Ligand code: GAP
């Protein structure tokens, strides 16, 4: 049996399955697609909705201290000035003047190629190499350096390459670094700040005064409505405000399928704590909560790690940020960021709007602005992680001894788009079909179920395996003639056993919550 990490072209397999079985399509597909935008097909919307619902139930409904919010996507432009996004929500961008390609400076790596003369140990720079960030950036640069040394027929030993990205390039180096598009130096520009917010105009006028933005994060909605939520009286520090919704970023290099797109969905929660509370403790509790939650929806624990942002790279107001990383086929990447943001955002909005954002402490009789811990995650990134973590290809032997390949998505039942497939053994036996339809109708009231009477039973099982359906039930003659039980076939073990309808409902009740 081979499991996900060992499949060589796992991403290709996932992109292809996503399209073939209706999980994800390129946006505007009939027009050739639109880079950085995607559509979720019939099974994709179910999977996505289940991820959202699980998060909402666990984060909001099953807790006493967190309430929900749905703020507007387009907010007053002053919101984005106060939050710092107008001035600072930028990526450093490098242009190649020859090819008109654009790169994110922090994803374009380079190195001087330095050779040591063994006779006198003198060092000589023979040129520069560059490579776009990959799983093996240092190796790519090393290969290019070796090839340069061979081409230039320079004798001596190469100094080991230490990749630097373009944000660290000195002005005198920029002209010497080759463009990844042309392989030649001289066409790259110095990095410049590129604001990632999508602009639009609100109202009939199309001038500077009507410029507004599609939100690049849902979080500001929680800060801007903080006072409204507090004034409605349901909450007491510590408490959280949670929101799920679309966000938009004009990413320079959208890539890795739905991992980095220009329109995506976020699930964010702002947890407000007392200014004197132990923020590090609360931060750690939220990191642990997020990790456990990811495991509860089926992500393999072995694929999850933590990355602490170095103190010197944090924004001045930030006390600490930890990312939960997931081992995607294209590398270990950020899935969920948990940031301790101090009281920066509320202070900014209080100052910019002139509306005080204090909480009154009954014990000390003092007013203070709460601090915040913010777990922020992308639904699409979780979606991709459950596909990558759950995908497997296996050799299976059928009843006649033939070996065939089965593709299976091992989705946790909580998020599986279809929970149960109902299969009458034969479609030309009305009594089997009728009984199967009866059960199907009863199941359908509570769960997403699928009825399938077409083809050999083995083939019908494979179809369900491929879309991650945890259970199939087969209605046969024993169901009608004997005790009413039917065959329950489990996706992962492929084992079969007889079960009653009541037992099936109990099983679902336990597994799907
Ligand atoms: N309010 C904080 C915030 O938005 P972020 O790290 O920029 O922080 C939070 O985004 C999460 O949103 C990320 O961890 C990621 O899961 C998701 N995300 C961010 N940009 C994305 C993009 N271009 N495509 C898909 N998901 C994205």
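Give me the distance in nm between label points sitting 7 Å out from Cα along the Cα-to-Cβ direction at residue 438 and residue 366, one decimal.
7.1 nm
At a Förster distance of 41 Å, what's the computed FRET efficiency of residue 312 paired with residue 29, Cβ-Cβ distance as r, to 0.05?
The computed FRET efficiency comes out at 0.40.
For region 16-38 and region 380-435, what is the separation of their Cα centres, given in Å?
For region 16-38 versus region 380-435, the Cα centre distance is 23 Å.
Compute the helix-to-body angle for 42-56: its Cα long axis versus the longest principal axis of the chain, expressed 0 to 90° and rounded to tens.
80 degrees
Report the label-to-label distance for residue 246 and residue 289 in nanometres (one decimal), using points 7 Å from each Cα along the Cα→Cβ vector.
2.8 nm
Full extension from residue 334 to residue 305: what is 0.36 nm times the residue separation minus their Cα-Cα distance, to one decimal in nm?
9.5 nm
Can you give the calculated 222 nm mean residue ellipticity of the chain, where each DSSP H run of n ≥ 4 adds -39,500 (n - 2.57) and the sum is split over every residue, rounded to the nearest 500 deg cm²/dmol? Spell out each step's value before the answer.
On the way: 15 runs with 148 residues, N = 513.
Estimated from H runs of four or more residues: -8500 deg cm²/dmol.
If R₀ is 35 angstrom, what is the calculated FRET efficiency for the pair residue 122 and residue 150, using the beta carbon separation as r and rounding to 0.05? Kindly include the intermediate steps, with their values, before the conclusion.
On the way: r = 20 Å, r/R0 = 0.58.
Rounded to the nearest 0.05, the efficiency is 0.95.
What whole number of Å gives the distance from the Cα centroid of region 338-374 to the Cα centroid of region 102-161?
Here the two parts' Cα centres lie 50 Å apart.
Ranked by Cβ crowding within 10 angstrom, fewest neighbours first, how are 510, 399, 146 ordered? Spell out each step's value before the answer.
On the way: 510 9, 399 6, 146 14.
Placing the least packed residue first, the sequence is 399, 510, 146.
Quick one: helix 10-20 against the long Cα principal axis of the chain, what's the angle to the nearest 10°, folded into 0 to 90?
50 degrees
Once you place label points 7 Å from the Cα toward the Cβ at residue 45 and residue 90, how far apart are they in nm?
4.1 nm
Once both axes come from the Cα atoms, what is the angle between helix 279-296 and the longest principal axis of the chain, in degrees from 0 to 90, rounded to 10?
40 degrees
Using Cβ contacts closer than 10 Å as the measure, can you line up 100, 123 from fewest to most?
100, 123
Can you give the FRET efficiency to the nearest 0.05 for residue 499 and residue 445, using r as the Cβ-Cβ distance and R₀ = 22 Å?
The formula returns an efficiency of 0.70 here.
Just want the ordering: 215, 21, from fewest to most Cβ atoms lying within 10 Å of their own Cβ.
If I rank by nearby Cβ atoms, fewest first, I get 21, 215.
Quick note: the coordinates plus some simple rules give every number you see, no bench work behind them. For clarity, every value in this text was computed on a predicted model and none was experimentally measured. With ideal geometry, Cβ positions are generated from the backbone for all residues, glycine too; neighbour counts draw on all protein chains shown.
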